[in-house]
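Each value in this text was obtained by applying a stated rule to the coordinates, not by laboratory testing. Note that this is a predicted model, so its numbers are computed, not measured. Here Cβ is always computed from backbone atoms with ideal geometry, including for glycine, and neighbour counts include all displayed protein chains.
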Amino acid sequence: MDIRIKLLVMLNILVLSRYIYGLWKLRKITFHYDAVVYLQALMDNWKNTPPSWVGSDPCEDKWDGITCTDSRVTSITLASINLIGEISGDIGQLSELQTLDLSYNKGLTGSLTPAIGNLKKLSSLILVGCGFNGPLPDTLGSLPQLSYLALNSNGFTGPIPASMGNLSKLYWFDIADNEISGSLPVSDGPTPGLDLLFNAKHFHFGKNKLSGQIPSKLFSSKMTLKHVLFEDNRLTGTIPLTLALVQTLEVLRLDRNLLSGDVPSNINNLTRISQLFLSNNKFDGPLPNLTGMEILNYLDMSNNSFIPSEIPPWFSSLQSLTTLMMQDTRLQGEVPADIFSIPQIETVVLRNNQLNGTLDFGASYSTSLRLIDMNSNLISVFAQRGTYSADLILTSNPICMETVATEAPYCDPGTESNSSYSTPPNNCIPATCGSDQISSPKCTCSYPYTGTISFRAPSFSNLGNSTIYTSLQNSIMISLESNQLPVDSVSLAHPKKNSDDYLELTLDIFPTGDNERFDRLEITRIAFVFSNQTYKPPHAFGPYFFLAHNYDFFSDAPKGKHKSISIGVIIGISVGGCVLVLLLVIAGVYAYHQKGRAERANIKNNPFDSWDPDKGSGARPQLKGARSFTFEELKLCTNNFAAAANIGSGGYGMVYRGSLPNGQLVAVKRAQQGSTQGGHEFKTEIELLSRVHHKNLVSLVGFCFDEGEQMLVYEYVVNGTLKDSLSGRTGIRLDWMRRLKITLGAARGLQYLHELADPPIIHRDVKSTNILLDERLTAKVSDFGLSKPLGEAETHVTTQVKGTMGYMDPEYYMTQQLNEKSDVYSFGIVMLELITARNPIEKGKYIVRQVKEAMETGKDLYNLHEILDPILGLSSQQLQGLERFVDVAMRCVEETGIRRPKMNEVVKEIENIMELAGVNPDVESTSTSESYEGKRSSHPYLNDFSYSGGRLHSDLEAK
Ligand SMILES: *[C@@H]1O[C@H](CO)[C@@H](O)[C@H](O)[C@H]1NC(C)=O
Ligand SMILES: *[C@@H]1O[C@H](CO)[C@@H](O)[C@H](O)[C@H]1NC(C)=O
Ligand SMILES: *[C@@H]1O[C@H](CO)[C@@H](O)[C@H](O)[C@H]1NC(C)=O
């Protein structure tokens, strides 16, 4: 061919490809229009944006802190990077936004734009510790998906909009530490109100200017509130009687208000309360009787004008009490000695009362006592019995006015001993560091990320016990590590109670390795762990918040405004020749189509190509033989995830029943979109389940990781959970023999995990809702979302405490060291449930203690008649082997792991019991004759994954 023709053809091809390229960009740009333009507009108002924000497309160019799905911005997390500016109304255009976290940017000011109400998909709105002010817009109430709202520590003013009553999914509601005023809105005809927030667990409204009465309509038995924190406001009137209907309450702070009248006596029905603050009000009725609050740890009723009374005898019946604060409450008469022998009592403050006569700690006062403050009373004698280690203050009492006694240490006003804890160096000598650098607990110099972590209602008051700080520090470290953050170590220092009785500590977080500094992305991710409450402290610490200090040491250089892109220019190029464009549109569409096909084909070949280790889910799952389903396949088999196929829902997502083309019934667990924690659990479950196969373990059929979905496909276990059967919900009658078989099956399942799986697996969440029953009532252990494999030569792993209240091994809870004996403990609880059909903790009573108490009177059947499940019948004939069964269960729940049997011993014991009762443990029972109606009850595959925390004190008390 002529060289010129060749050249001409090449030139044509060049021109053509240039156009195709331009067109390709055009497609992308229209597609990304909202991401680019509105995000640009939003950020034009901001200074100090991350230097990674270069390039024209936040999604394509991977801007720090911006997450996209299908080229639409779904999450903006930019906490703690010193942003300065305002949120403009443009934010309302990011219609796919689900998470917005701008916390700890004190330079973000102005009001919250009403346009926020356009974000119909927003589920988390987090603006903690910024400089926002102005009123909360009414449109906050039109965010149907909002479940997490944290606006604390800003300057917001004005009332709580009544429209917020529409937020039916709201779980976390924190507006503390603002200037919010007005009354608490409740519904009235068509007007919504906070009384409609049935899903809310947290009302954190403290440190505001709320006024008026607490409306009686606010509370009802439909409420599921755990923490009601109204402290430090201007609320008036009485406590409404309806408060006692909220049986889920665990922490109640009404202190520092103007409440008056009687404390309603039915408050005594709130048996789950562990921290109660009524101090600094104007209550003028009798002292309330709180005998029912059996697990109360912390009680503060100081500074009220109660009708003068003696110290009521029931104080000493509160056996979980650590702290009793009764300053200035008009107490009189003698101090009963038995309040000092409450086992865990740390602090007794009875200042400014009329207590008289002799002060006597009694013979057996508690060794945990740290402070007894009796200042300004009428005590005339102190019956000292030997030495005591607590601080005793008796100044301004008659006893200290006599000349003889004034030399006594308890008459010395002295200085209040302040605790001065700070994390010690970890077996090393602190380094000498340059300016602004700090020596980490591992003795290397770096620039830590620092802030203050505040606990709004801890269950303890002894701030001098370093064990509690060590456990706090470990749990923070573990949480940061499990979120794959590059953290070397953390340290805590300067614990103190502030004027609102919050426990404050400074927290320093040190970067790993040679880094010395964090970059912006790392800081935003660490900050999110706290602003989003991803980190859960040990239960005893109660609700918390974190406020970061400015971080001025970013390793990536700060940037001014980034370059503005010019869409016009590119469009101009592309719209060159009209006809050609038209032709090329067709070509472009075709190419796009092809690309999509190629992508989809790719997913099918390797379902984990899109696994993103940066999203905190760790490396790709290691699979053995689980089948990969496409989204379409599962859609088909669940009838497009029809409501009728839905057999339950929970924090993880939904569970659907489905049927595969070959007729097999399956349960499909579909993770909620955007649940990052789910990503980790997801991986763990596939990895573990795909390599364990045992008759007594639920088997994994396959999984789906396609089109942004995460689903697990299990065999369908027809008779639901053991819990449902025990509670009578399934209509299956479980006689004694069936219960023995179920026990044996579940024990064999766990034995397999502990001893035969390679590597061994600790389940970590053994409970009656995780044991399923098939059509032959064979027990199948399920839900490995929390499981931990043990590495080689490991006997335990140290890990963040997870599990379920009531089942959790107290030793694991305290040491955070997990081993297979923790499962044994939980299994022991399940065994006790099997004979009593009760919840592990029911009406504030712990099953272990109840069985123990019953056994101590020791008669026939260990005297368990009262608490045995009545369905079992009561004759010893029918219940052959029950006593041995109880013996095994009680050994399983021994306090220390060493004293508990291994699962294989449990299996042997149950086999023996069955043989003695004349049953062959290995013969299958026939199918259940009783009718089973598949009800839409709580489903086995659901797991809230919300760590509910073992109730440490009641657990320990049971020992
Ligand atoms: C307190 O209430 C309990 C029942 O909840 C009752 O048994 C007890 O007698 C009451 N004590 C006083 C002093 O009223
Ligand atoms: C203590 O006070 C009570 C009531 O105020 C009074 O009845 C009692 O006599 C006083 N006891 C002594 C020893 O002063
Ligand atoms: C310190 O706290 C731990 C954990 O709460 C507890 O077990 C221990 O007894 C406490 N020590 C003292 C001296 O109170």
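Side notes on the structure shown:
- Here the calculated FRET efficiency for Met737 and Ala363, from their Cβ-Cβ distance with R0 = 56 Å, stands at 0.65, rounded to the nearest 0.05.
- Scoring 378-390, 889-901 by mean Cβ neighbours within 10 Å over their residues and listing the highest first yields 889-901, 378-390.
- Listed by chain and number, the aspartates and glutamates whose alpha-carbon sits under 15 Å from that of Lys120, ignoring those within fewer than 8 places in the same chain, are Asp90, Glu96, Asp138.
- Modelled spin-label separation between Thr432 and Glu334, with each label point placed 7 Å from Cα along the Cα-to-Cβ direction: 6.3 nm.
- If a spin label sat at a point 7 angstrom from the Cα of Val718 along the line to its beta carbon, the backbone N atoms of the stretch 655-673 nearer than 15 Å would be those of 658-659, 663-667.
- The 3J(HN,Hα) values that the Karplus relation (6.51, -1.76, 1.60; θ = phi - 60°) gives for the stretch 389-397 are, in residue order, 9, 6, 7, 10, 10, 10, 4, 6, 10 Hz. Gly and Pro appear as x.
- Per-residue Karplus couplings for the stretch 146-159, computed as 6.51 cos²θ - 1.76 cosθ + 1.60 with θ equal to phi - 60°, are listed in order as 5, 10, 10, 10, 10, 10, 5, 6, 10, x, 4, 10, x, x Hz, Gly and Pro entered as x.
- Expected-Rg normalisation [2.2 N^0.38 Å, Cα atoms] applied to the stretch 70-224: 1.01
- Each peptide in 817-827, 102-112 gets a packing score, the mean of other Cβ atoms within 10 Å over its residues, and the list from highest to lowest is 817-827, 102-112.
- For Lys217, a cut-off of 17 angstrom between C-alpha atoms picks up these aspartates and glutamates, skipping any fewer than 8 places away in its own chain: Asp188, Asp195.
- For Glu310, distant residues with modelled amide H under 5 Å away: Gln332
- Of Lys741/Lys902; Lys62/Lys635; Lys169/Lys282, pairs whose Cα-Cα distance is over 26 Å: Lys62/Lys635; Lys169/Lys282
- Here the spin labels are modelled as points 7 Å beyond Cα on the Cα-Cβ line, and at Thr224 and Leu916 they lie 4.3 nm apart.
- Cα gyration tensor, the stretch 174-264 - rounded (a/c under 1.5), prolate or oblate: rounded
- Placing a pseudo-label 7 Å from each Cα along the Cα-to-Cβ vector at Thr238 and Asp44 gives an inter-label distance of 5.9 nm.
- Whether the stretch 438-548 is rounded, prolate or oblate, judged on the alpha carbon gyration tensor where a/c under 1.5 counts as rounded: prolate
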